[in-house]
Structure formats: structure tokens, C-alpha cells
Amino acid sequence: MNFKLALKKAWYFIWHDNSIWSWLVNILLAFIIVKFLLYPGLGLVMGTDFPVVAVMSDSMEHNGDDFDSWWTTHEYQYKQYGITKENFSEYKFTNGFNKGDLIVALSAKEASVGDVIIFQWTLNYPIIHRIVIENGTFGTKGDNNAGSRSDELNIKNERVLGKAIFKIPYIGWLKIWFMNLLGYEI
């Protein structure tokens, strides 16, 4: 069999065949393309090893409240950090984000108070919280959390994986669903 004929058969098998084997090959090809080409390429362009991160908790949710209502119930939490309503209203993600959102990130070389960063935690997955303290290291807090945990204080630059630039709603639920399917508790 010549090469051209083999290529045509492979093309037909991948794009037109509806067999279970064709579906499995397509899933495998999609995984390989995303894992080894798309994700690393995006990371290279964005300057971070974590260019997209699924939000796995509700720590940044604003529970559907508009900004003014949310601020009224959370103002006291930010006053302790010297953050006013005017300061906060100028930050990105003033309405937080939800579990299941997908966050797109850039390199965090220039992160400051108010920015949402992705940083390595003690577990195998990153945390996505807002910077509330900057004094050579960072201190963060989830918008929906009452305060900062001890592991969110004194975050050194080498633990910062990226800075959130925008969100894509709901797409992260694919990862959460898949992780639950594999038996991981989220």
C-alpha cells in the first residue's frame, strides 16, 4: 500500500468513521494536542506554566450580589488591609468569579494589591485569590472568605504562578466533572 492511500484511509478513519475505535482515537488525539501542544504553547506565549486554571472552590464567589450589596457585607474584611470601596472598585474581577470558571493568566512579574494571582499551595493544585498585602511578599484572601489563612501570608515570588487577566464562565466544570469521575474530592 502506498503512503498516499494510507494517509487517505487514516483521514477517513479519524474524520468520517463512526466506529468506537475512531472515537477513542479522536479522544486520544485531542488529549495529546491539548496536553502537549496547545497548553505548553499558550504557556510560552503567556509567560507562565499555568496559562489556564479551573476555579475549584467558591472562595472568590460574590453569591450573585451586585458590587454595592456585596461590599456592604464585606467592607470590614478589607478595611483591616487598608482597602477602601474606591480602591476595590478599580480592581479587576470586582464581582469575583465562580466555581467552574476558567481563569486565563499571564506571568505575574508585576502583581500588586488588588490583583488576583494563582499561587502554589501545599497541595497539588494552585490557589486563585486576591492580593491584599504587599510588602516584599504577598498576602492573599478569597473574596468570599472571612480573612486570610496562615498559608496565604508571606507568599514569595517563586510560589506565584500567574496573574489572572480574564475569566471564561463554566468551562472549568469540565475539569471538575472529570476529576470527580476519577475519584478526586473537589
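The numbers here are math on the coordinates, done by the rules we state, and not lab data. These numbers were taken from a predicted model, which means no experiment stands behind them. Quick reminder, even Gly has a Cβ in these numbers, built from the backbone with ideal geometry, and neighbours come from all protein chains shown.
The count of lysine pairs in region 49-181 that are at least 8 places apart or cross chains, and whose C-alpha atoms lie under 14 Å apart, stands at 7.
Can you give the Rg to Rh ratio of the chain, both from alpha-carbon atoms, with Rh computed by the Kirkwood formula?
Ratio of gyration radius to Kirkwood radius: 1.12.
Answer rounded, prolate or oblate for region 21-60, using the Cα gyration tensor with square roots of eigenvalues a ≥ b ≥ c: rounded when a/c is under 1.5, else prolate when a/b is larger than b/c, else oblate. In terms of gyration-tensor shape, oblate. With bins 5 Å wide beginning at 0, the percent of Cα pairs of region 3-45 falling in each bin runs 5, 22, 18, 18, 16, 12, 7, 2.
If the chain linking S22 and D151 were pulled fully straight, counting 0.36 nm for each residue of separation and taking away their Cα-Cα distance, it would gain 41.8 nm. Between L44 and N87, the modelled labels are 4.0 nm apart [label points 7 Å from Cα along Cα→Cβ].
Rounded if a/c is under 1.5, else prolate if a/b is larger than b/c, else oblate: which is region 99-151, with a ≥ b ≥ c the root eigenvalues of its Cα gyration tensor? Judged from the Cα gyration tensor, region 99-151 comes out rounded (a/c under 1.5).
The residue list L161, A10, F88 was ranked by how far each Cα lies along the charge dipole of the chain toward its positive end, using unit charges on Cβ atoms, and A10 comes out on top. Here I165 and I14 are evaluated by their C-beta separation; at R0 = 41 Å the FRET efficiency comes out at 0.75.
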